[in-house]
1. At 0.36 nm per residue, minus the direct Cα-Cα distance, what do residue 98 and residue 6 gain on full extension? Give it in nm, one decimal, please.
2. Per-residue ellipticity at 222 nm for the chain, helices alone: DSSP H runs ≥ 4 residues times -39500 (n - 2.57), over residue total, nearest 500 deg cm²/dmol?
3. By per-residue mean of other Cβ atoms within 10 Å, what is the highest-first order of 43-51, 5-13, 21-29, 62-70?
4. Using r as the Cβ-Cβ distance of residue 79 and residue 28, and R0 as 35 Å, what FRET efficiency do you calculate, to the nearest 0.05?
5. Treat each spin label as a single point 7 Å out from the Cα along the C-beta direction, and report the residue 90 to residue 106 distance in nm.
6. Just subtract the alpha-carbon distance of residue 66 and residue 38 from 0.36 nm times their residue separation and send over the number in nm, one decimal.
7. Can you give me the Cα centroid spacing of segment 11-29 and segment 62-106 in angstrom?
8. With angles folded into 0 to 90 degrees, how steeply does helix 40-49 sit against the dominant principal axis of the chain? Use alpha carbons for both and round to 10.
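Read the figures in this text as sums done on the coordinates, not as results from a lab. Since the structure is predicted, the reported quantities are computational estimates derived from the model, not experimental observations. Every residue, glycine as well, gets a Cβ built from its backbone with ideal geometry; the counts of neighbours run over all protein chains shown.
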């Protein structure tokens, strides 16, 4: 499965990441540019993963979704090679797939904030 077997929310990491997430209107503007992402929730997941990897549980809290809904979005992003995963014991961690994805997202963020 693509979700954590145990609930393991890292409150410190979650709070640090929430502070780095842009305002919803910026996220919405970015989604308009990146139609390939097609969904603001998937875009928010990618933004959360720009600074550090997170497990599914952390991403679910950041996005205010269930683990199952988050796992579904992550599967779409992984299929599109936007994110990749790694298992560490019972925990599934996600990160941006490569520097090209991070650069593309960062450039679009800069563009909408200009």
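1. Result for the pair: 30.4 nm of gain on full extension.
2. Mean residue ellipticity at 222 nm (helix-derived): -17500 deg cm²/dmol.
3. With the highest mean Cβ count within 10 Å placed first, the list reads 43-51, 62-70, 21-29, 5-13.
4. 0.90
5. Between residue 90 and residue 106, the label points sit 3.7 nm apart.
6. So the extension gain works out to 8.1 nm.
7. Using only Cα atoms, the two centres lie 16 Å from each other.
8. Once rounded, one gets 70 degrees.
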